[in-house]
Ligand code: ASP
């Protein structure tokens, strides 16, 4: 297949053209034209992906759980998955803390830049604080209360309630295992059919991915350069450069050490195969900033290109998209310490330990949608007694960092899916099967 027909190249071309267009549009003051005529294509692309997210989670998790056929297998795979998710998130937070404590980016922020940022983003910060307060007010066990809906159709009607959909699907799947075959069969067939159709729809929606990505990036750049003042954006990036660099370095370190090591030690997958398989997923995560919207593609690529069995992918990935956010947790740790440093506060060792615990929990509670991570950050700041209005300092660069942490989030989900599949004997990478065929034929 010529390179230009490969999906990830098409998306990269869309991405580069989007950046170029965004810069030209910002420099020439075309923001109205961009939001009227370009941005809608991005919205259509994201909506298309989100449209199939609920039916996909529903269909695939129900059939996934039901195909595990006995509760013991379900609890083994479930326990393993949740353990690896939490452990990798804790490692991510630790990497973030190490980097931010060694590099101390908060000390580099000039006091005048700090005052300017605080007043510029005061409004956004208070909205974020308000939303976090609502979350805070709800008591320690609220997370569990929130997972169980009293009306399934109400939860299925919003992509923000994905955790509830995940819960109901698992419950329904368990119910299916326990009823006689003649009762479960028609329902299983229905959900299997639903999953197959939705996966087909992913291919159709991905046909417009290059255009969608172009539009999303173009819009992000023109929106970032509010008031068409390029100098202002560059100044902001300069002031927050060290902070952004610390986050990005942490994310890269986590992906290239933790994930690479897990893949190498625990799976037969070649790193090259993994990267080639997952590249389009990362590009879509980067441009949509939403692991929820990326989920359909993550599932398709993991099954078709990495050889993860349907049984594992349909359980591990929908769960991961909603609860496993290593990139978000790492970012929250760096951001919390950065804000404390910039405000001249010392949070001490207990503060750091509190960050590890709260960041792991906050990332689990973060919705898989753009910009959710910064709202949960307020809860971490409150836990370590740092003024939560401090998020005003980092709002300006949050969109860019959101794109990057979402890439890490989806890469983490795919890595864990491969590891769980390998330990269950359910990972059959296409290139390894081809190799095995060749050896068998030549023997
Ligand atoms: N945008 C991220 C995601 O969907 C969540 C976050 O804001 O960190 O994975």
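Numbers at a glance
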quantity: Helices (runs of 4 or more DSSP H) contained entirely in the stretch 144-217, each with at least 1 residues that are touching a residue at least 40 places away in the same chain (Cβ under 8 Å), touching a helix residue (DSSP H, G or I) at 6+ places or on another chain (Cβ under 8 Å) and more than 20 Å from residue 292 (Cα to Cα); calculated: 162-178, 181-206
quantity: Among the candidates 413, 402, 398, residue that is without any contact (Cβ under 8 Å) to a residue 60 or more places away in the chain and either in contact with a strand residue (DSSP E or B) (Cβ under 7 Å, 6 or more places away or on another chain) or within 16 Å of the ligand (Cβ to nearest atom) (or both); calculated: 398
quantity: Selected residue (criterion: nearest to the ligand (Cβ to nearest atom)) from residues of the stretch 357-377 that are under 13 Å from residue 395 (Cβ atoms) and not in a loop (DSSP other than H, G, I, E, B); calculated: 373
quantity: Qualifying residue in the stretch 256-264 (condition: modelled with pLDDT of 95 or more, crowded, with 16+ Cβ neighbours inside 10 Å and under 18 Å from the mean Cα position of the chain (by Cα)); calculated: yes
quantity: Tally of residues being under 24 Å from residue 10 (Cβ atoms), away from the ligand (no atom under 14 Å from the Cβ) and part of a helix (DSSP H, G or I) across the stretch 297-310; calculated: 6
quantity: Yes/no for residue 313 being crowded, with 24+ Cβ neighbours inside 10 Å and within 16 Å of the ligand (Cβ to nearest atom); calculated: no
quantity: Contacts under 7 angstrom Cβ, first residue in the stretch 250-276 being free of Cβ contacts under 8 Å to residues at least 12 places away in the same chain, partner not in a helix (DSSP H, G or I), 6 or more apart; calculated: none
quantity: Some residue of the stretch 92-102 being more than 23 Å from residue 291 (Cβ to Cβ), outside any helix (DSSP H, G or I) and at pLDDT 90 or above; calculated: no
quantity: Only one of 37, 30 that is farther than 17 Å from residue 321 by Cβ and surrounded by 15 or more Cβ atoms within 10 Å (Cβ to Cβ); calculated: 30
quantity: Test result for residue 106, modelled with pLDDT of 80 or more and within 30 Å of residue 423 (Cα to Cα); calculated: no
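The values are calculated or read from the model by the stated rules, or taken from the named source; none is laboratory data. Just so it is clear, the model here is predicted, and its values are computed rather than measured. Note that we place each Cβ from the backbone using ideal geometry, even for glycine, and neighbour counts take in every protein chain shown.
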